[in-house]
Every structure is written in structure tokens, then in C-alpha cells.
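Comments concern the structure below.
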Amino acid sequence: MLTAMEQRFEAANPGVDVQWVDMGSQEVLDRIRSERANPQADVWFGAPGPLFERAAQQGLLDAYSPAWATAVSGESDPQGRYHGIYYTPEVIAYNSAAVDSASAPRDWSDLLDPRWKGKVIIRDPIASGTMRTIFGMIIERSLKQTGDTAQGFAWLRRLDGQTREYVLNPTMLYQKLARREGLVTVWDMPDIELLRSRSEYPVAYRFPTSGTPMVVDGIALVRGAPHPDLAKKFIDFVGGAAALSLAAREFYRLPVRSDFPADSLPPVLRRARREIRPEPMDWQLLQERGAEWMRYWDEHVRGQG
């Protein structure tokens with residue numbers, strides 16, 4: 001998708017060279033923070049809302065409100081420091097050549113079934129906003145049910161006991177899943193759907209029956225951007241109707257814009273809208289305590305299941 005966006009923006013703006021640095025969203029935040037005194041990036045494109053909120057509070061983002069901002073006002077910073085672009089549902093995925101649909105996990109709790117011991121493979125959550133959201137959901141559920149995080153961390157410790165490996169990046173995750181080094185994983189729907197449609201990898205997925213976190217992926221102008229005018233122009237472009245249609249049709253991205261016509265969505269996204277049961281997430285709490293929870297997980301849960 002980044003390549004497609006680059007090509008179209010450069011075609012519309014001769015002489016402009018868009019250059020991507022692609023990494024996990026937590027790694028992006030860390031890098032922008034480290035470059036605060038001498039910013040190298042113009043635009044931050046793609047990360048869960050809580051990470052953008054943390055960056056905004058740390059003074060790493062500049063306010064900018066594109067023309068389409070009013071259509072995403074419910075999923076953006078009131079001060080215009082970041083804006084929602086896509087909803088990204090989190091799903092349970094599996095190797096469809098090794099696991100038939102009838103026996104595949106239907107909900108998060110099914111991952112703890114003894115049949116999946118040593119067969120779960122997970123993207124390392126320390127660098128991944130997607131995994132931080134899923135783990136954060138488990139801990140939030142614990143707080144709502146018991147008033148404490150202990151139950152949530154106990155659940156994650158059991159999941160750790162089921163997990164064969166924490167892999168460094170999504171590409172390794174897909175390859176290992178295809179090679180049956182793991183049969184089940186948790187990840188985001190657009191990436192899994194894209195893998196299904198554009199590769200020979202045997203992969204399928206389910207929307208968890210008890211609730212699916214709907215991550216809002218955003219975009220923001222980096223404070224002190226070397227090319228602020230072009231950065232604003234790129235933000236205008238990404239949230240425009242043509243780029244959203246491209247992202248939905250070719251890359252299964254579900255637009256946040258409330259005025260985007262449903263009949264312009266491909267069938268798979270229309271099905272997602274019908275079938276997903278959104279998980280009620282306290283995004284502010286996740287933003288405030290997510291880093292603390294992940295430190296605790298890394299020190300007291302990883303490898304101890």
C-alpha cells in the first residue's frame with residue numbers, strides 16, 4: 001500500500017520523491033522522539049491512536065486539519081494533531097491447510113485450549129502496536145471484571161505457555177505460519193486478507209465472537225518537519241476519497257470517514273462491517289498504562305507460561 005500511495009502522490013506532484021521508513025509503530029514513536037532536536041520525518045502514517053496521543057502529549061506532533069477532518073472528528077485529536085484514517089480490526093488467523101474452519105479458534109479464550117499448545121506463534125508485542133492493543137484488551141477486560149490486572153496477566157501467562165515463538169516482524173510471522181512452524185496467530189484483518197489474496201500462503205481468519213478491537217490507524221504531521229507544506233499535501237491526499245477508495249479496494253482498509261459510501265467498499269469489508277462485534281476499549285487507559293503493562297509482561301510473563 002505504501003508503494004501505491006507513493007506512486008500516485010508522486011504522479012500528481014512531479015519532482016516530489018516520497019521515501020518510506022517502514023517499522024513497528026512503537027519503534028516509530030521511539031525514533032521520532034529520539035530525533036526531536038533534528039526531525040528527519042515529515043509524516044507519521046499508520047499506528048494505533050494511543051501511540052499518536054502519547055506523541056501529541058510529548059510535543060512531537062504539529063496540528064493540521066485537512067479538509068476531510070470533520071468526517072473523522074470522532075476518531076481524531078480535538079486539537080488536530082492526528083487524525084484517524086482506517087479502522088483496523090484484530091482477528092484470529094490460522095493455517096487453513098492444517099486447520100479446518102470447523103476446529104479453528106472462534107474466540108480469544110480458544111487460544112488457551114490444550115490442542116494449541118506449542119502451535120501459537122505471535123509477533124513480538126514490544127515493538128508492535130497491534131499486539132499491544134490485543135494484550136491491552138485482555139488486561140482491560142480483567143480490570144472491568146475484577147478491578148485488578150492480575151486475571152489478565154494470568155491469562156497472558158497461559159497464552160505464553162501455548163506460544164512457540166515471538167517473531168520479530170510480520171513477514172516472519174507469515175512465513176512461519178505458512179511453514180506450519182505455528183498454526184495459529186493473532187494479527188490484523190487487512191494484512192491477513194491481503195496475504196490471502198496476493199500469495200499462495202494458506203491462511204484464513206475469524207472475527208472473535210466476544211469482541212474485536214477496532215484499532216484506529218492514524219496520520220500526523222511531525223513537529224519540525226523538514227517539508228511541512230508537502231507533508232500537509234500528503235495528509236490531504238491520504239484522507240481524500242480517491243486514496244481511501246484505493247486503500248479499501250486494493251488493500252482492505254476500512255475507512256474511518258463517516259461520509260465514505262458503503263457501496264464503494266469491496267465485499268470483504270462490507271462483510272466485516274456486518275459481522276464484527278466491536279470490543280469496547282478504553283483507549284485513554286491504554287494510552288496511559290499500556291507501556292507499563294508491556295514492561296510488566298516482558299519482565300514477568302514472557303517465557304514463564
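The values are calculated or read from the model by the stated rules, or taken from the named source; none is laboratory data. This structure is a prediction, so every number in the text was calculated from the model and none was measured. We place every Cβ from the backbone using ideal geometry, glycine too, and count neighbours over all the protein chains shown. Surface accessibility is based on the protein's heavy atoms, side chains included, excluding ligands, DNA and RNA. Shrake-Rupley method; radii C 1.70, N 1.55, O 1.52, S 1.80 Å.
So, in the range 255-305, how many residues would count as being of a type in the set (S, T, N, Q) and not in a helix (DSSP H, G or I)? Give the derivation first.
Residues of the range 255-305 of a type in the set (S, T, N, Q): 258, 264, 284, 287, 304.
Filter once more, so that each one left must be not in a helix (DSSP H, G or I): 258, 304.
Within the range 255-305, residues that are of a type in the set (S, T, N, Q) and not in a helix (DSSP H, G or I) number 2.
Report, by residue number, each residue of the range 221-240 that is under 14 Å from MET5 (Cβ atoms) and either without any contact (Cβ under 8 Å) to a residue 24 or more places away in the chain or assigned to a helix (DSSP H, G or I) (or both).
First, pick out the residues of the range 221-240 that are under 14 Å from MET5 (Cβ atoms): 230-231, 233-240.
Selection gives LEU230, ALA231, LYS233, PHE234, ILE235, ASP236, PHE237, VAL238.
Of these, VAL28, VAL99, VAL16, which one is without any contact (Cβ under 8 Å) to a residue 24 or more places away in the chain, surrounded by 13 or more Cβ atoms within 10 Å (Cβ to Cβ), among the β-branched types (Val, Ile, Thr) and not in a strand (DSSP E or B)?
On the way: VAL99 fails: without any contact (Cβ under 8 Å) to a residue 24 or more places away in the chain; VAL16 fails: without any contact (Cβ under 8 Å) to a residue 24 or more places away in the chain.
Every option except VAL28 fails the conditions.
Restricting to the range 283-305, give me the number of residues that are open to solvent by less than 70 Å² (accessible area, probe 1.4 Å) and under 27 Å from GLU193 (Cα atoms).
Residues that pass the stated criteria total 1.
Quick check on the range 31-56: of everything there that is closer than 15 Å to ILE235 by Cα and of a type in the set (A, V, I, L, M), which residue is least open to solvent (accessible area, probe 1.4 Å)?
By that ranking, first place goes to ALA47.
I'd like to check something: does the range 208-220 contain any residue that is farther than 16 Å from ILE85 by Cβ, in contact (Cβ under 8 Å) with a residue 24 or more places away in the chain and part of a helix (DSSP H, G or I)? So that I can check it myself, show each step before the final result.
At the first step, the residues of the range 208-220 found to be farther than 16 Å from ILE85 by Cβ are 208-213.
Then keep just the ones that are in contact (Cβ under 8 Å) with a residue 24 or more places away in the chain; that gives 208-213.
Imposing the further condition that a residue be part of a helix (DSSP H, G or I) reduces the set to none.
Looking for residues that are farther than 16 Å from ILE85 by Cβ, in contact (Cβ under 8 Å) with a residue 24 or more places away in the chain and part of a helix (DSSP H, G or I), one finds none in the range 208-220, hence no.
Restrict the check to the range 261-271 and report whether at least one residue is touching a Leu at 6+ places or on another chain (Cβ under 9 Å), of a type outside the set (Val, Ile, Thr) and buried (at least 18 other Cβ atoms within 10 Å of the Cβ).
Checked the range 261-271: at least one residue is touching a Leu at 6+ places or on another chain (Cβ under 9 Å), of a type outside the set (Val, Ile, Thr) and buried (at least 18 other Cβ atoms within 10 Å of the Cβ).
Kindly check whether there is at least one residue in the range 30-47 that is within 20 Å of HIS83 (Cα to Cα), at pLDDT below 95 and of a type in the set (Gly, Ala, Ser).
yes
Among the numbered conditions (1) assigned to a loop (DSSP other than H, G, I, E, B); (2) open to solvent by 20 Å² or more (accessible area, probe 1.4 Å); (3) touching a Ser or Thr at 6+ places or on another chain (Cβ under 9 Å), tell me where ILE126 comes up short.
Single failed check for ILE126: (3).
Applying the selection to the range 196-223, what residues are aliphatic (A, V, I, L, M) and either touching a helix residue (DSSP H, G or I) at 6+ places or on another chain (Cβ under 6 Å) or at pLDDT 95 or above (or both)? Even if it seems obvious, please write down each step before you answer.
Going through the range 196-223, the residues aliphatic (A, V, I, L, M) turn out to be 203-204, 214-216, 219-222.
Of everything in the range 196-223, those that are aliphatic (A, V, I, L, M) and either touching a helix residue (DSSP H, G or I) at 6+ places or on another chain (Cβ under 6 Å) or at pLDDT 95 or above (or both) turn out to be VAL203, ALA204, VAL215, VAL216, ILE219, ALA220, LEU221, VAL222.
Between SER73, SER109, which is open to solvent by 10 Å² or more (accessible area, probe 1.4 Å), under 27 Å from LEU244 (Cβ atoms) and out of contact with any strand residue (DSSP E or B) (no Cβ under 6 Å at 6 or more places or on another chain)?
On the way: SER109 fails: under 27 Å from LEU244 (Cβ atoms).
Within the list SER73, SER109, the selection yields SER73.
The conditions are (1) closer than 27 Å to ALA102 by Cα; (2) out of contact with any helix residue (DSSP H, G or I) (no Cβ under 6 Å at 6 or more places or on another chain); (3) of a type in the set (A, V, I, L, M, F, W, C), and LEU143 fails exactly one of them. Which is it?
(1)
Report whether or not TRP293 is modelled with pLDDT under 95 and closer than 21 Å to ASP188 by Cβ.
Values: modelled with pLDDT under 95: no; closer than 21 Å to ASP188 by Cβ: yes.
No; evaluated as a whole, the condition is false for this residue.
Go through (1) small (Gly, Ala, Ser); (2) within 17 Å of HIS300 (Cα to Cα); (3) open to solvent by 10 Å² or more (accessible area, probe 1.4 Å); (4) free of Cβ contacts under 8 Å to residues at least 40 places away in the same chain and name the single condition GLY161 misses.
Among (1) small (Gly, Ala, Ser); (2) within 17 Å of HIS300 (Cα to Cα); (3) open to solvent by 10 Å² or more (accessible area, probe 1.4 Å); (4) free of Cβ contacts under 8 Å to residues at least 40 places away in the same chain, the lone unmet condition for GLY161 is (4).
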